[in-house]
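Notes to accompany the following structure.
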Amino acid sequence: MIPESETLLELPVLDVSQQLCPSSLSSLAAACKEWGFFQIINHGISKDLYNKICTHSKSIFSLPSETKIKLGPLSPYKTYTPHFIASPFFESLRVSGPDFTDSAQSSVEVLIGEHDSEFSEVLQEYGSKMSELSKGVLKLVLRTIGAGIETKYYNSEFKNCHGYLRINNYMAPESSDEEAEGLGMHTDMSCVTIVYQDEIGGLQVRSKDGKWMNIVPSEETLVVNIGDMLQAWSNEQLRSSEHRVVLKKRMNRFSLAFFWCFEDEKEVLAPDEVVGDGNKRIYGPFVCSEYLKFRESNEKGRFEKVGFTVKDFAGIGFPM
Ligand SMILES: O=C(O)CCC(=O)C(=O)O
Ligand SMILES: [Fe+2]
């Protein structure tokens, strides 16, 4: 049984087509520190583009399981996560940048033996737009740490970031009388993640004192959440959000999560200036891919938080 959730959470909504005014910057800073979540509008992604991705993806997810498993965790491609890994209701397809066309095409070819050029084209358009959006959003988030942090560190630390898209398909729970968990509580391993959820809703964020709050879907709005890499790099001045997805009875759900990540070989270490004079350094240096392995080598670690956080991995004085 899923614990009760509060219905509403007032998160700042940033217009990313405008300059950020000081009051928006301070409400953004509070949200990044407190929740690791905020919302954006005027992001330049059209409804038409979502609809196309949605239609093509649904036809892929409707293929038989024996076909989809050709891209599964035991295949050389590993782009498809079947049901019963994250939850009985969840399956997903990964499309990686920077060549989203190539990534989409090779998956589709394995599945249906031919090209679906419209699918790869729309994914390339979505991937390129989301990459640009992620860079802009990341710069805004860095500005919340302090004046000059973005200008000083964006190029030296974040310019080799790369993105991938996870297309998430949630099957409606049929038998349970209550709501069911579609994706258990987790933190993302990214720097930032930008999520589109459909009108069904169900994305929830956990407060520091353990209460679950609904992120109510809104047509023009995308949700941004901060991932583990920024929590460690900022010495916890930014919070990696704990979130999950709750499904309503007999309601299918669809979402797109775009992860903007450090390059695998990147050594993550908060600069002294970011830690700040007199503050304790909370994380030791670690190589990004080592943390990904720590989470991924363990099936549970991929989607379950307990014992597999970045703090368990690299926190100073935390047992590994
Ligand atoms: O489906 C959603 O709304 C969120 C998905 C998510 O958190 C993830 O893919 O990491
Ligand atoms: Fe997530």
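Out of 201, 119, 252, whose Cα points farthest toward the positive end of the dipole of the chain (charges: +1 Lys, Arg; -1 Asp, Glu; placed on Cβ)?
201
Once label points are set 7 Å from the Cα along Cα→Cβ at both residue 174 and residue 265, what is their separation, rounded to one decimal in nm?
Once both label points are built, they end up 5.0 nm from each other.
Roughly how many debye, to the nearest 20, is the charge dipole of the chain about its Cα centre, given +1 on each Lys and Arg Cβ, -1 on each Asp and Glu Cβ, and no other charges?
Once rounded to the nearest 20, the dipole reads 440 debye.
Please report the antiparallel percentage of DSSP beta bridges with both residues in the chain, rounded to the nearest 5.
90 percent
Step through the table entries 139/293; 47/208; 47/135; 159/280; 68/266; 211/311, compare each Cα-Cα distance with 24 Å, and write down the pairs that go over it.
139/293; 47/208; 159/280; 68/266
Quantify, in whole percent, the carbon and sulfur part of the accessible surface of segment 136-270 (1.4 Å probe; protein heavy atoms only).
It is 45 percent, rounded to a whole number.
If packing is taken as the mean number of other Cβ atoms within 10 Å per residue, what is the order of 219-227, 47-55, highest first?
Highest mean packing first, the order is 219-227, 47-55.
With a 1.4 Å probe and every protein chain left in place, work out the accessible area per residue of the chain in Å², rounded to a whole number.
Ligands and nucleic acids excluded, the result is 46 Å² per residue.
Roughly speaking, to the nearest percent, how much of segment 6-76's 1.4 Å accessible area is carbon and sulfur?
57 percent
Report, in debye and to the nearest 20, how large the dipole of segment 28-148 comes out about its Cα centre when Lys and Arg carry +1 and Asp and Glu carry -1 on their Cβ.
580 debye
For the chain, with a Gaussian network of springs between Cα atoms less than 10 Å apart, report the residue from 276, 72, 163 with the top mean-square fluctuation.
Comparing 276, 72, 163 in a Gaussian network model of the chain, the most mobile one is 276.
Just to be sure I understand the model, the point goes 7 Å from the Cα along the line to the Cβ. What's the resulting residue 112 to residue 69 distance in nm?
Distance between the two pseudo-spin positions: 2.2 nm.
Can you give me the distance in nm between label points at residue 17 and residue 132, each placed 7 Å from the Cα along the Cα-to-Cβ direction?
Placing both labels 7 Å along Cα→Cβ, they lie 1.3 nm apart.
The values are calculated or read from the model by the stated rules, or taken from the named source; none is laboratory data. What you see is a predicted model, and the numbers here were worked out from it, not measured in a lab. Heads up, the Cβs are rebuilt from the backbone with ideal geometry, glycines too, and the neighbour counts pull from every protein chain shown. In case anyone asks, the SASA skips ligands and DNA or RNA and just uses the protein heavy atoms, side chains included. Shrake-Rupley method; radii C 1.70, N 1.55, O 1.52, S 1.80 Å.
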